[in-house]
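Inspection log for the structure reproduced underneath, given as structure tokens.
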Amino acid sequence: QVQLVQSGVEVKKPGAAVRVSCKASGYTFTSYGISWVRQAPGQGLEWMGWISPYNGDTNYAQKFQGRVTMTTDTSTNTVYMELRSLRSDDTAVYFCARDDSSGWYSQAYWGQGSLVTVSS
Amino acid sequence: QSALTQPASVSGSPGQSITISCTGTSSDVGIYSLVSWYQQHPGKAPQLVIYEVTKRPSGLSNRFSGSKSGNTASLTISGLQAEDEADYYCCSYARGSTLVFGGGTKLTVL
């Protein structure tokens, strides 16, 4: 079965960077893209961007351009999301999610989420 | 890109039907039939319940249905059950090859 297992809780200071990992299993890793979606406490979902493990192509939301980098490691079936210059309003649960078979604009499988807290 | 507009809350009694609206613009919902809906229970990851406006993932209850008219998409849940109580989010593909979510709707089953 398809599984996405994410890294654990992170606590960072303002201005620092965080890297969250998402290890995929149960399907051909390079056949489906991965999106990153975040959710601030008590708030809604926010799409951050997408990466293709097949060729490394990325598509970042304009809001995060220049501050986020998504990468893949096909040897370990893992996708990484790095967010830099952290601010307090980056405190959120960060989810990775795999494309549905219909296309990258729907996410059929989700990781369990990784809590990132930004605090001085 | 602004978030899609959803009502903050809706409610219904068991067995009834409810509809959640999702209003966008002519840059997203209005021109693309690429609206998805997600159900999220507290403390859990979202789950896809509708994709491409009207399609249900394999194995999902046919009590969930989707539609679209102009700039507004809708999710209807019929035969409401206690386990349907959750937050629901719409999401649309938007011009510029981006995705935009709605603010979310809390469904209460009375």
Among the residues that make up the stretch B:73-85, is at least one of them away from chain A (no Cβ under 13 Å), more than 9 Å from the chain's Cα centre (by Cα), assigned to a strand (DSSP E or B) and touching a residue at least 60 places away in the same chain (Cβ under 8 Å)? yes
Looking at (1) assigned to a loop (DSSP other than H, G, I, E, B); (2) of a type outside the set (A, V, I, L, M, F, W, C); (3) on the phi < 0 side of the Ramachandran plot; (4) more than 14 Å from the chain's Cα centre (by Cα), which is the only condition B:Gly96 fails? (3)
When the stretch A:76-120 is checked residue by residue, the ones that are among the hydroxyl-bearing types (Ser, Thr, Tyr), outside any strand (DSSP E or B) and closer than 17 Å to A:Arg19 by Cβ are A:Thr76, A:Ser85, A:Thr91
Within the stretch A:62-73, can one find any residue that is touching a Ser or Thr at 6+ places or on another chain (Cβ under 8 Å), of a type in the set (Lys, Arg), surrounded by fewer than 13 Cβ atoms within 10 Å (Cβ to Cβ) and not in a strand (DSSP E or B)? no
Residue identified as of a type outside the set (Val, Ile, Thr), more than 9 Å from every other protein chain (Cβ to nearest Cβ) and touching a Ser or Thr at 6+ places or on another chain (Cβ under 6 Å) among B:Ser27, B:Ser11: B:Ser11
Condition first: at pLDDT below 95 and closer than 16 Å to A:Glu46 by Cβ. Now tell me which residues in the stretch B:23-42 satisfy that. B:Asp28
If I filter the stretch B:30-46 down to residues being without any contact (Cβ under 8 Å) to a residue 24 or more places away in the chain and of a type in the set (Gly, Ala, Ser), which single residue comes out as nearest to the other protein chains (Cβ to nearest Cβ)? B:Ala45
Out of everything in the stretch B:99-110 that is away from every other protein chain (no Cβ under 13 Å) and either small (Gly, Ala, Ser) or assigned to a strand (DSSP E or B) (or both), what residue ends up being nearest to A:Arg38 (Cα to Cα)? B:Leu107
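The values are calculated or read from the model by the stated rules, or taken from the named source; none is laboratory data. If you're wondering where the values come from, they're calculated on a predicted model, not measured in any experiment. Cβ atoms come from the backbone with ideal geometry, glycine included; neighbour counts cover every protein chain shown.
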